[in-house]
Every structure is written in C-alpha cells, then in structure tokens.
Amino acid sequence: MNPDAPVLLEQRAGNGGLRVGIATLNAPASLHALTLDMIRTLYIALRDWASDPAIACVVLQSSTDKAFCAGGDVRSLRNAILEAPQAMPNPEALAFFSEEYRLDHLIHVYPKPIVVWGGGIVMGGGLGLLAGASHRVMTPTTRIAMPEITIGLFPDVGGSWFLPRMPGRTGLFLGLTGAALNAHDALFTGLGDYFIAQEQRNEVIAALCDADWRDDAHSVADKVLRRASLSADALPESEVRRHYDIINALTCARKLEDVVTAIKTYDGDAVWLQRAAAALAKGAPSSIALVWELQRRARHLSLGDVFRMELVVALHCCAHADFAEGVRALLVEKDNQPKWAPLKNIEEYFASPWQQHPLADLR
C-alpha cells in the first residue's frame, strides 16, 4: 500500500476468519476533496468488497481529524469547463458526476454495513459518501454543509433524495441556505446515527474487527457503535432543533419567491438564522430555483431516478456561467463577489442530452 496514495485500502483481520475492509481518504492538503481517480478507486473497492464473502463490514474514513471530505474537486472541474465552454455535456464533467453518483448510489444500496466516520468537515461530495451509509458516525468536531448555492450548483449527490426526508421543511431550508450543521443537527435531521468521540476512532475500528459477525452484520455493527457512543448530554445544542418551528414558518409558503423573501427578511436575534439568511441573499438565483424545483420533482421518484435527474441538472449547471463564476469567486480568486447571470428558463436544466442515460441501470 502506497502511503501517499489519495485513497488507502486495507483489509484488516477480524473474528472467525472474516475481515473488515477499510477505505481511507488521504488527500489532506485539499481536505480530502474527491477527484475522479479517488471516486474510481472507492467504487472498485466497495464493489469488490460487496461480493467478497470474507468481508464482514466496510469502514470509510479519512486520514486526518480536520475533515472527512470537503466535497468534490470543483476547481479542476472549472478548469475543464473553461477549456470547453460550449460543450454540453462537458466530457470531464460527465465523467466526474456520473461516476460520483454511481458511487453514492452504491453506498445507498450496499448489502453490508458501511461505517462512515464523519468527523471534521463534511461538505458536498463528502455528504454524498456519508448520507446513504448504513452506519454514520458523528463526532464533536463534525461540521456538515451543502453550500452549493454559493457556487452556482445545487445540493446534489442525492440531496434531492435525502433533504426532503428530513423533519418538516428543514431540508428545503438547508438546501436554500447552505446552513452548517453540527453532530446534534445531523442526528436530528437523520444524517447521522451515532455520536462518538473523535479520539475513539481506532478503538472502534478494532472493536469492529473483534466483533462476532455470525449474527446479522448490520446489528453487530450497530451494537459496537452504540457501546462506544457518548451520552446525549455531551451533544452540542442543535440549531435546527432549537429553531425548528421558525424554520417551518419561514418555508411554509407555496411559492419560492415568498419563501425566499421570508428567509431573507428574518429579523430575529438567532445568529445561526441570520447567517443562513445572509447566505441565501448572496446565493446564485439559478441555484435557488433549482433547490426548489428539484425537491418538487423528486417527491415521488425512486433513488435511481433522483440520481439520473441530478446528473442532467448538474451538467446543465456546468454549461451555465454561474458555476465557473461561483467557483472563481469562492475558491480561486476568493473575492466573494460573484456576478451571477440572469436566471434562464428552469425547464432547460432538465432537458436530457441523451437517448440512453449513463445511469440507466440504477434502480
């Protein structure tokens, strides 16, 4: 195993001749942001471990405590788009998003326990790796967000599936504002399952290796993680839970423009809600419209249909000026002064460029 590889793969000996597969994101300089090569490595490993009867459980983690995964490598995507600005779909964007979504879908339907250690920063594509896993660990350092409105994208990687399944209308609020979540927020909204101290990670993995996997594997992993979980008293205060009624009141209107106005004109004294309102006010109009429309269209779709729809929309976003401009303003020149393009007909984002969809086989 090359210790400098961006993804480290290990099979650790477990009880009864079984093994635990461990995949470690190992790109600390970029906070483990996903590249296409990393996505491909993860997909092949998870696919092979799923069919290997000697693998009892899979652990997905990062090599540092600061972040699990800060998202996708959108700077490289921007460069590819600038080199071929008229391409629809852009070949590199198509490869990245289609293979990323295929990996995320695999995690959602995985037949074995996948334990994702979501300590530190978990953003965008990192949340795509975490959201569909069977066993999701939050820690006191967990910081989750999907701030795609700041770069002219939308909460993808299955966000159109898991955001509407959050309590009340919190998923709509989080999609529109990109508000940050802590561990308690993740547990409350259904993005997390366990609250464990960050420094217990190695002990927990060792306990998974020592577990008796003769019983139902998902129940075995659950027992190990629950034994390591901290008391609920140790949880930080949940901003989403604290402001749940206000969030629902701000997002209850039937029209997007009324919801946006309600959030942007919030005049209370809650700093978390003030920051959310400010982020929405600076967000890309195209992204705001897409959050609303995607959640509306996804309401009765299957998981596979959601990923197929998101791929079409993501590629249209890459062909729209807002994505390159948003990445420039936030991550390249860092002036935080994006110049958003006028909102085009939202229907255009849902026009498929293919007769045979690249993700047609996903269920």
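Just a few scattered comments:
- If you check Ala183, Ala211 for being of a type in the set (Gly, Ala, Ser), more than 22 Å from Val312 (Cα to Cα) and crowded, with 24+ Cβ neighbours inside 10 Å, only one passes: Ala183.
- Among the residues making up region 195-233, those that are more than 22 Å from Leu18 (Cβ to Cβ) and either among the hydroxyl-bearing types (Ser, Thr, Tyr) or touching a strand residue (DSSP E or B) at 6+ places or on another chain (Cβ under 9 Å) (or both) are Phe195, Ile196, Gln198, Ser229, Leu230, Ser231, Ala232.
- Residue count for region 131-144 under the criterion of being under 12 Å from Ala67 (Cβ atoms) and either open to solvent by less than 10 Å² (accessible area, probe 1.4 Å) or small (Gly, Ala, Ser) (or both): the result is 3.
- The lone exception for Arg201 - which of (1) crowded, with 21+ Cβ neighbours inside 10 Å; (2) part of a helix (DSSP H, G or I) it fails: (1)
- Considering region 315-340, and only residues there that are among the small types (Gly, Ala, Ser) and either modelled with pLDDT under 95 or open to solvent by 40 Å² or more (accessible area, probe 1.4 Å) (or both), the residue that is nearest to Pro147 (Cα to Cα) turns out to be Ala321.
- Restricted to helices (runs of 4 or more DSSP H) entirely inside region 1-118, those with at least 1 residues that are closer than 26 Å to Ala207 by Cβ are 36-50, 91-108.
- The listed residue being surrounded by 22 or more Cβ atoms within 10 Å (Cβ to Cβ) and hydrophobic (A, V, I, L, M, F, W, C), out of Leu225, Leu230, Leu191, Leu235: Leu191
- Looking only at residues of region 6-50 that are of a type outside the set (Asp, Glu) and free of Cβ contacts under 8 Å to residues at least 24 places away in the same chain, we find that the one that is least open to solvent (accessible area, probe 1.4 Å) is Ala27.
- Subset of region 93-105 [surrounded by fewer than 22 Cβ atoms within 10 Å (Cβ to Cβ) and within 14 Å of the chain's Cα centre (by Cα)]: Arg102
- The helices (runs of 4 or more DSSP H) located wholly in region 131-193 that include 3 or more residues which are without any contact (Cβ under 8 Å) to a residue 60 or more places away in the chain occupy 183-189.
- Selection from region 166-205 of residues that are over 19 Å from Leu225 (Cα atoms) and of a type in the set (Lys, Arg): Arg169
- Restricted to region 252-363, the set of helices (runs of 4 or more DSSP H) holding at least 1 residues that are in contact (Cβ under 8 Å) with a residue 40 or more places away in the chain and of a type in the set (Val, Ile, Thr) comprises 256-264, 285-297, 303-319, 321-327.
The values are calculated or read from the model by the stated rules, or taken from the named source; none is laboratory data. All of these numbers come straight from a predicted model, not from anything done at the bench. Heads up, the Cβs are rebuilt from the backbone with ideal geometry, glycines too, and the neighbour counts pull from every protein chain shown. The accessibility values were calculated without ligands, DNA or RNA, using every heavy atom of the protein model including side chains. Shrake-Rupley method; radii C 1.70, N 1.55, O 1.52, S 1.80 Å.
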